[in-house]
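See structure below.
None of the figures in this text is laboratory data; all of them are computed from the coordinates on show. It should be emphasised that the depicted structure is a prediction, and the values quoted were computed from it without experimental measurement. Here Cβ is always computed from backbone atoms with ideal geometry, including for glycine, and neighbour counts include all displayed protein chains.
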Amino acid sequence: MTDFESQVLQELSVLKAQMQQLLGIGQPGRLQQLEARVDSHERSVQRLKGLCAALGGVLTMLHIAIVYFTEKHN
């Protein structure tokens, strides 16, 4: 085996180890952990959007009530 072949095999071994760490070997790998974090973040963003929509509705109703009562008394 030449030096070049030996170096290629060593680098392939390192690459294989890195891929196993990334994908996991029967356990959640880094990629699965990253996907879980992204999913959690997306759920948080959706909750925040819903909260902002609800708050906007409440503020709109409050504004309508203020306008109604101020116009009624004038």
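Quick notes on this one:
- Selection from VAL67, GLY50, LEU31, by position along the positive dipole direction of the chain (Cβ): VAL67
- Only the Cβ atoms of Lys and Arg (+1) and of Asp and Glu (-1) were treated as charged; on that basis the dipole of the chain about its Cα centre amounts to roughly 560 debye.
- Helix 30-73 axis, angle to the chain major axis (alpha carbon atoms, nearest 10°): 10 degrees
- Total formal charge among the other residues, if their Cβ is under 15 angstrom from that of GLY50, Lys/Arg +1 and Asp/Glu -1: +2
- Degrees between helix 3-23 axis and first principal axis of the chain (Cα, 0 to 90, nearest 10): 30 degrees
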